[in-house]
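Take a look at the structure below.
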Amino acid sequence: MSDILIVDDEKDIRELISEILIDEGFSTRLSSNSAECLNQVSSAPPSLLILDIWLKDSNMDGIDILKKVKADYPYVPVVIISGHGNIEIAVSAIKQGAYDFIEKPFNIEQLLVVVRRAMETSSLRRENKELKQKDIIEYELKGESIIFRNFMSSLDKVSKASSRVLISGSSGSGKKTSARYIHENSKQSAGNFIAINCSVSDQDELDRMLFGIENKDGLQEVGALEKANGGTIYLDEVAEMPLDLQGKLLKFLVEKTITRNGSTKQFDVDLRIISSTNTNLSEKIKSKKFREDLFHRLNVVPIKIPSLNERIDDIPLLAKYFVEQLSSSNGFAYREFTNEALSFLQVMNWPGNIRQLRNLIERVLILGNPADKISSEELVFSGPKEKDNGEKINLISSELAGMSLREAREIFERDYLMLQINRFGGNISKTAAFVEMERSALHRKLKSLGINSSQKF
């Protein structure tokens, strides 16, 4: 993109700048006042905004427009121009996010140097943003199931606002990835995304990480809250934060200022807070381990991440993706799955969610024969050896020894049909189609086996 919006109340000046830039291969748009400028920006954000400070017959001056544009479109660089330039105005403009300040009458070569650099910055920011979004979408946030699409719809909605978000979900479900997705698609995307693990055992260490240090010996360390100014801070497992720090965080949320440890100087900080937990915070509040007032400050928009067990329809897609990803990044041989292996993945239990699935695929690629398709037997061998599973197998084997064929067959049919019902999320039509039975016949079979088709096993 090479679109530049020029805003100046003097027609001769804006047309002169436009002609110079057009000669250099740029495309331009012109505006004479604040209302027209903001309308053009909102309809199609430019690659660069050249903005005069003093605008006649306008409700807003250049600094006000700068603040508005940087708040709504932080990736758009703004070059301020003024015929009444002084150091104070220039410093104020830079503090508010301006890329540079040029005083009228300006030198053409100076103008072109600044414009080219600003355009390079704009291009890099856009490319970086697009690459980040692509990586995020293609990692854990991948799926086609209805429950996943509804979840992504919620993320897209909350991304457009600047409200605080509390993400809940079990370990490995993608809480951090979801938080980063929200950031990269928000108004804060040009700022930093800083992640802090609140389960750090050392309270002093966590305090230092959040608020920084500045002491009389000259030691200075910028904390995460300062680093995230203008961007997003992600508080992972916020339920584990010590009570004393909870109070300090609450004070920051109310006052929007921080004071580094060991200092008395205050800093204004404007950022978005996204927090997450895999714990029931209501129980934490009841047991006095989490502040209720802090909970209400953080839980403006609650987001629940579906577990992998809740979206088993996405497992084949995810498994194939991880094979592609790991083959490309680690040099493993690309391997396809047998149909039986994909079906087996869907009936497995996934307490570790996406992370567990990815780790399993990586083990299979490391240990397996690169010339063979991935089989269900291989998945069993590479999967976690859980004690409960082994005990169940031994128990069933000992019981089978004293059973008739009819009794053993009933046990098999019951377990098999329960697995398939779980696999298809209780959908009897899909289950019937897979097991190759008429829907009515399947209902009769389930009834005879004492299986409630609406029950989740």
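A short reminder: the numbers here are calculations on the coordinates, not readings from a lab. Keep in mind that what you see is a predicted model, and the values were worked out from it rather than measured. Heads up, the Cβs are rebuilt from the backbone with ideal geometry, glycines too, and the neighbour counts pull from every protein chain shown.
Put a dot 7 Å past the Cα of Glu221, heading toward its Cβ, do the same for Lys67, and the two dots end up 3.5 nm apart.
With an a/c value under 1.5 for the gyration tensor axes a ≥ b ≥ c computed over the alpha-carbon atoms, segment 3-125 is described as rounded. For Lys288 and Leu253, the FRET efficiency from 1/(1 + (r/R0)^6), where r spans their Cβ atoms and R0 equals 30 Å, is about 0.90.
Were the residues from Asp204 through Leu16 laid out at 0.36 nm apart, the gain over their Cα-Cα distance would be 61.8 nm. For Lys95, the aspartates and glutamates whose Cα comes closer than 19 Å to its Cα, not counting residues fewer than 8 places off in the same chain, are Asp52, Asp61, Asp64, Asp72, Glu103, Glu226, Asp268, Asp270. Using the average count of surrounding beta-carbon atoms within 10 Å as a protection proxy, the listed peptides 297-303, 428-434, 73-79, 47-53 rank, highest first, as 47-53, 73-79, 297-303, 428-434.
For Tyr99, the residues 5 or more places off, or on other chains, whose built amide H falls under 5 Å of its own are Val78, Val79, Ile80. Rounded to 0.05, the FRET efficiency of the Asn339 and Asn197 pair, given R0 = 35 Å and the Cβ-Cβ distance, is 0.30. Using the Cβ-Cβ distance between Glu436 and Asn150 with R0 set to 35 Å, the FRET efficiency works out to roughly 0.70. Put simply, when 143-155, 31-43 are sorted by average Cβ atoms within 10 angstrom per residue, most first, you get 31-43, 143-155.
Only helices enter this figure: runs of n ≥ 4 DSSP H residues, each worth -39500 (n - 2.57), summed and divided by the residues of the chain, yield -16000 deg cm²/dmol at 222 nm to the nearest 500. Sorting the segments 265-271, 179-185, 204-210 by their mean number of nearby beta carbons within 10 angstrom, highest to lowest, gives 179-185, 204-210, 265-271.
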